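**Student:** Structure provided below as structure tokens; questions to follow.
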Amino acid sequence: MLSCSDNGWVWKWMTGEDTASTLRMKNGAEADVQLALRERQRLDRLLTQEPEHFSLLWDIARGMVDARRLLKIGAPQSTILKRLRDYGYLRKHLTINPLTRDVLLSGVIHSPDGPMLIQPFVIGSDGDKAIVERAQKEIDESIAQWMQEMKPRDKGPDDRSR
């Protein structure tokens, strides 16, 4: 898996642009804005759909749990660890993906209803705010485009492929 600072080529591949916008996260790490926001969305889905997986990943990010030790002793969480690795949150040797860790450490807050994910960046200026808003808009547009492309095409009366 890639580290936060090595994602420039991924940005170019995803967008065709030569440079990615990076900002400082609340834990002090620098990260590509769009990649970090996408990771936050993935983590938010994990929190919503598989809260026990999220909880274990959160503990790993904070250094409260040693994933390799859990797997070695055959703890009940072993299955969850394997799934987190399959999802790309953990690396092959069960170390946490640095981008995942940084987004968790910078974006998790606790509410009366439990943990929540917020945007993980330090917003120090209107320019920083605009960068985050633009990246989120681009993500939303790419998701909308993908969803449009996934819709079944309606075959009209002129469709001769039937």
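The values are calculated or read from the model by the stated rules, or taken from the named source; none is laboratory data. No experiment lies behind these values; they were computed from the predicted model shown. Cβ placement follows ideal geometry from the backbone for every residue including glycine, while neighbour counts extend to all protein chains displayed. Accessible surface is based on the protein model in full, side chains and every heavy atom, while ligands, DNA and RNA are left aside. Shrake-Rupley method; radii C 1.70, N 1.55, O 1.52, S 1.80 Å.
**Student:** Over 16 Å from Asn27 (Cα atoms), open to solvent by less than 80 Å² (accessible area, probe 1.4 Å), out of contact with any His (no Cβ under 6 Å at 6 or more places or on another chain) and of a type outside the set (Gly, Ala, Ser): is that true of Glu149 in this structure?
**Tutor:** Answer is no for this residue.
**Student:** Hey, another quick one. Of the conditions (1) on the phi > 0 side of the Ramachandran plot; (2) among the small types (Gly, Ala, Ser); (3) in contact with a helix residue (DSSP H, G or I) (Cβ under 7 Å, 6 or more places away or on another chain), Gly88 satisfies every one except a single condition; which number is it?
**Tutor:** For Gly88, the failing item is (3).
**Student:** Could you give every pair whose Cβ atoms fall below 6 Å, whose first residue belongs to region 82-106 and is over 16 Å from Leu37 (Cα atoms), and whose second residue is outside any helix (DSSP H, G or I) and open to solvent by 80 Å² or more (accessible area, probe 1.4 Å), counting only separations of at least 6 or pairs across chains?
**Tutor:** Sorted first by the residue in region 82-106, then by its partner, the pairs are Arg91/Met1.
**Student:** Does any residue in region 23-37 that is closer than 12 Å to Ile139 by Cβ come within less than 8 Å, Cβ to Cβ, of a residue that is assigned to a loop (DSSP other than H, G, I, E, B) and modelled with pLDDT of 95 or more six or more places away or on a different chain, and which pairs are these?
**Tutor:** Qualifying pairs under 8 Å: Ala36/Pro120.
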